[in-house]
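The values are calculated or read from the model by the stated rules, or taken from the named source; none is laboratory data. Just so you know, these numbers come straight off a predicted model, no measurement behind them. Note: ideal-geometry Cβ built from the backbone for every residue, glycine included; neighbour counts use all protein chains shown.
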Amino acid sequence: MTTLEKIVESLKTMPESAQTDVLDYVEYLKSKEERGGNGYPWTQFCLESAMRGIAEEPTPYELEDIKEKF
C-alpha cells in the first residue's frame, strides 16, 4: 500500500472536522513548498531587521576577554 493510499484510508475513518484540519495542513505544506521551503517572507524580514547594523556596533570586549585560559 502506498503512502497516498494509507492517507486516504485513514481519512475515510476520520470525522469531517479532522478531515478539514488535514486539508488545511496539506494546503499549508503546498504553499510552503511553493515558497521554496524557506519559511515565511516575514521571518526573513524580521531576521534581517534585527541584524541590521550589528556588525558596526562597538564591542565592550577586548581580545583578551575572549581568549581561553588554562
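Tabulated values for the structure
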read-out: Residue within the range 17-31 that is of a type in the set (Asp, Glu), exposed (fewer than 11 other Cβ atoms within 10 Å of the Cβ), part of a helix (DSSP H, G or I) and modelled with pLDDT of 80 or more present; value: yes
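Conditions (1) of a type in the set (S, T, N, Q); (2) loosely packed, with under 10 Cβ neighbours inside 10 Å, marked per residue:
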{"position": "Thr3", "(1), (2)": "yes, yes"}
{"position": "Ser10", "(1), (2)": "yes, no"}
{"position": "Glu34", "(1), (2)": "no, yes"}
{"position": "Pro58", "(1), (2)": "no, yes"}
{"position": "Glu64", "(1), (2)": "no, yes"}
